[in-house]
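Undergrad: The structure's right below; bear with me while I get my questions together.
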Amino acid sequence: MTVRTASTGLIAALLLALAGCATPAPPAAETPVPTVTVTVTPSPEPELADYGFTYFRGGQLSAADFAEFSTQFGSTVTGLAECPWYAEVETHGADAATYAFTDPEGVDPGILFFYTQAFGEAMGDLPRNAEGVGVGSTQAEVLAAYPSAVVDAFDDVSVGPVTRITVDDPDSDASYVFGITDGSPVVNLLQWGTAAGGQWAHLCLPL
């Protein structure tokens, strides 16, 4: 009996035909890319000092009048009955207060200067600026904060001799003028604004 064997070529052809009929494998599933959400937290506004060259608390020198200043400040501020251009803004215990002074003639809008006075030795919790000085600070402390300050002597019509320490604002026309009356160991008068340091008493009279 003769046994026939399939040729190598025929076997190869059959294998190729079978491979062509095979079902193709499904494509690999894509790996989902997670969505990254970036949350930007806004930087908090820097907290303002009690006062600066052009403001006291939230009230600005640029306020047109005491009504606008009151809105900025968050509390009603009105001029004194006998001199409506001069207003008490805030008291600091029993022995000190801060005032705001506007133009008595009503020509220049806005506040000309703020004025903090201490009336006794117990000065209480007093306003401080960004450098940490104010009424109650020593002359040395003020000069340490402002080495280029100008120190001079001023003779006030009512207060008497005052040592003035003047610091000009590089960004505006305003100045700090720290005042130390004769015999006081610390600053007990402070004016700041565009017309500061010229008169320390009788402010119910025009400058």
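Undergrad: What is the local net charge at Asp152, summed over the other residues whose Cβ is closer than 15 Å to its Cβ (Lys, Arg +1; Asp, Glu -1)?
TA: In short, -3.
Undergrad: So, with a 1.4 angstrom probe, what is the percent of accessible area on the range 146-207 that is carbon and sulfur? Before the final figure, lay out each step's value.
TA: Numbers: 1540 of 2930 Å².
It is 53 percent, rounded to a whole number.
Undergrad: For the peptides 134-142, 75-83, what is the packing order when you average, over each peptide's residues, the other Cβ atoms within 10 Å and list the highest mean first?
TA: The packing order, highest mean first, is 134-142, 75-83.
Undergrad: Sticking with this one: Using the Karplus equation 6.51 cos²θ - 1.76 cosθ + 1.60 (θ = phi - 60°), what ³J(HN,Hα) coupling, rounded to whole Hz, does each residue of the range 139-147 give in order, writing x for Gly and Pro?
TA: Result, ordered by residue: 4, 4, 5, 5, 5, 5, 6, 9, x Hz.
Undergrad: Which order do the peptides 84-95, 153-164 come out in when sorted by mean C-beta neighbours inside 10 angstrom, highest first?
TA: 84-95, 153-164
The values are calculated or read from the model by the stated rules, or taken from the named source; none is laboratory data. Everything quoted here is computed from the prediction, not taken from an experiment. When we count neighbours, we look across all protein chains shown, and the Cβ atoms used for this are built from the backbone with ideal geometry, even at glycine. Quick note on the areas: whole protein, heavy atoms, side chains included, nothing else; ligands and nucleic acids left out. Shrake-Rupley method; radii C 1.70, N 1.55, O 1.52, S 1.80 Å.
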